[in-house]
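For reference, the structure is listed below as structure tokens.
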Amino acid sequence: MTAVELLALICAAWLIQLALGIGVVLRRRRIAASVAPPPAAEQHAGADLAWPGWREFRVARRELEDVARTQCSFYLQPVDGQPLPAFRPGQFLTFSLTWAAGAAGEAGRTITRCYSLSDRPDPAHYRVTIKRVPAPQGQPDVLPGLSSNHFHDHVRVGDVLRVKAPSGHFCIDPDAAVPVVLIGGGIGITPMMSMLRWCIAHQPQRPVHLFYGLRNSDEHAFKAQLEALAAAHPAMTLQVVYSRPTAADVPGRDFQHLGHVDIDLLRKTVPHGRHQFYICGPAAMMQTLVPALADWGVPLADIHHEAFGPASVTRPVVPAAAPPEAMGVEVRFQRSGRTLAWNGSDASLLDFAERHGIAVESGCRSGGCGSCETRVLEGTVAYPQAPDHDVARGHCLLCVGRPTTALVLEA
Ligand SMILES: Cc1cc2nc3c(=O)[nH]c(=O)nc-3n(C[C@H](O)[C@H](O)[C@H](O)COP(=O)(O)OP(=O)(O)OC[C@H]3O[C@@H](n4cnc5c(N)ncnc54)[C@H](O)[C@@H]3O)c2cc1C
């Protein structure tokens, strides 16, 4: 073997070793990502605590978050003084509010509503931020939003509220290797605040791009706090998008872009490479952005979204996932003693029951809170999209469920 051949052989062996080495490193990184420890949010004391049913919380503080005074934060501490379970940033709390007849201008009743946790986990308190919901325009005889206005007008420091443990699957992926794009529209900023504050506290090097779409500075929640965070953290970028700035709003100072958070803006501003996208906002925003991101080539597994109501997004995928239609099947509501024919015209079993005057409990109407969970005595129910709430075996969620066979329900 000549000296040149020997040198070539050594080089080849070195290159093979290098390639194998890189493979091992990459494999290790992938394994490390897949077995990554739970987020620090889950690691502090009390992480394994949760509570079944309702727990009482006292309002420790209230804080208005915008100039228009339509968004108010409530800080909550457990009445029993026991540790607070941590939660995963992006999760929500479920509240049960009861009032006597005459209050809120109508008959006494109990209602259930969900509110996202709007801060990172803190052993001292939970925080939710609630936007006042007015009556629809041009319908003066309709009452404004019951729960949100009750919180704003009647819930004071010292009051006690009944709360279910944090839940929901719209949570930030703890893999620090993947940059994050957070998109909040209006009050949809609340879960983004939780994710952002957690990321900055626990993964300060992880790139986080926050897009906040809203009308103008009047309803710009957390303005000073967001600006301070962006100034202090080089890995964070903040893009505020106003659709209707006031005469006093200054581009570049109050907002970076005019219009809406849309795919063109994301394509122009999000750096190249893989990102996890989290979106929460009005139906119109999500119904355009989610398919647009998919069209742009973002894998569906990297697009996460949450609706604050029944107007959820249809994911642009999988025809096989759609439940088979079950037209003309009978649905029996055992407790109510009613048997009715399902003709497919209702969006859900909850709408179906209510249209026929069957009283069933409900809350978020979007598969999140579990208030409408009902035992299925016979038959099967399917969901166009997997609900956020973990449905107990042998039960279904009426608010997002549709029958795939004849049904007997306990309700
Ligand atoms: C997972 C999740 C997280 C959420 N997080 C947040 C959050 O962080 N912050 C937040 O502010 N909200 C959040 N929400 C929304 C919240 O749960 C409530 O839906 C919201 O506060 C409105 O409830 P409400 O009781 O005030 O209004 P509702 O009483 O439910 O009324 C809603 C609207 O319907 C109108 N209306 C009522 N009756 C009629 C009728 N007969 N005809 C026509 N219109 C009618 C009302 O005037 C009002 O405009 C979240 C929702 C979910 C599912």
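Which residue, of 187, 200, is in a helix (DSSP H, G or I), open to solvent by 30 Å² or more (accessible area, probe 1.4 Å), among the β-branched types (Val, Ile, Thr) and in contact (Cβ under 8 Å) with a residue 12 or more places away in the chain? Can you show your working first?
Values: 200 fails: open to solvent by 30 Å² or more (accessible area, probe 1.4 Å).
From the options 187, 200, the qualifying one is 187.
Taking the stated definitions as given, is residue 376 of a type in the set (Val, Ile, Thr) and open to solvent by less than 40 Å² (accessible area, probe 1.4 Å)? Explain how you work it out, then say what you get.
Numbers: of a type in the set (Val, Ile, Thr): yes; open to solvent by less than 40 Å² (accessible area, probe 1.4 Å): yes.
In short, yes.
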request  = Tell me which of these residue 165 doesn't satisfy, since it passes every other one: (1) in contact with a strand residue (DSSP E or B) (Cβ under 8 Å, 6 or more places away or on another chain); (2) under 30 Å from residue 266 (Cα atoms).
outcome  = (2)
request  = Inspect all residues belonging to the range 246-266 and state whether any of them is over 29 Å from residue 133 (Cα atoms), among the β-branched types (Val, Ile, Thr), open to solvent by 40 Å² or more (accessible area, probe 1.4 Å) and not in a helix (DSSP H, G or I).
outcome  = no
query = What's the number of the condition residue 400 fails, among (1) surrounded by fewer than 19 Cβ atoms within 10 Å (Cβ to Cβ); (2) in a loop (DSSP other than H, G, I, E, B); (3) of a type in the set (Val, Ile, Thr)?
reply = (1)
query = Which of the residues that make up the range 366-388 are assigned to a loop (DSSP other than H, G, I, E, B) and at pLDDT 85 or above?
reply = 367, 370, 371, 372, 379, 380, 383, 387
ask   = If you go through the range 361-401 one residue at a time, how many are within 16 Å of the ligand (Cβ to nearest atom), closer than 23 Å to residue 163 by Cα and not basic (Lys, Arg)?
value = 21
inquiry  = For the range 165-182, check the following and say yes or no: at least one residue is more than 23 Å from residue 275 (Cα to Cα), free of Cβ contacts under 8 Å to residues at least 60 places away in the same chain and more than 6 Å from the ligand (Cβ to nearest atom).
reply    = no
query = Regarding residue 393, is this residue open to solvent by 50 Å² or more (accessible area, probe 1.4 Å), modelled with pLDDT of 90 or more and either among the aliphatic types (A, V, I, L, M) or not in a strand (DSSP E or B) (or both)?
reply = yes
query = So which residues in the range 343-359 are more than 19 Å from residue 145 (Cβ to Cβ) and open to solvent by 30 Å² or more (accessible area, probe 1.4 Å), if there are any at all?
reply = 343, 345, 347, 351, 355, 356, 357, 359
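The values are calculated or read from the model by the stated rules, or taken from the named source; none is laboratory data. As the structure is a computational prediction, the values presented were derived from the model and not from experiment. All Cβ positions, even for glycine, are placed from backbone atoms using ideal geometry, and neighbour counts span all protein chains on display. Ligands, DNA and RNA are stripped out before the accessible areas are found, and what is left, the full protein with its side chains, is counted by its heavy atoms. Shrake-Rupley method; radii C 1.70, N 1.55, O 1.52, S 1.80 Å.
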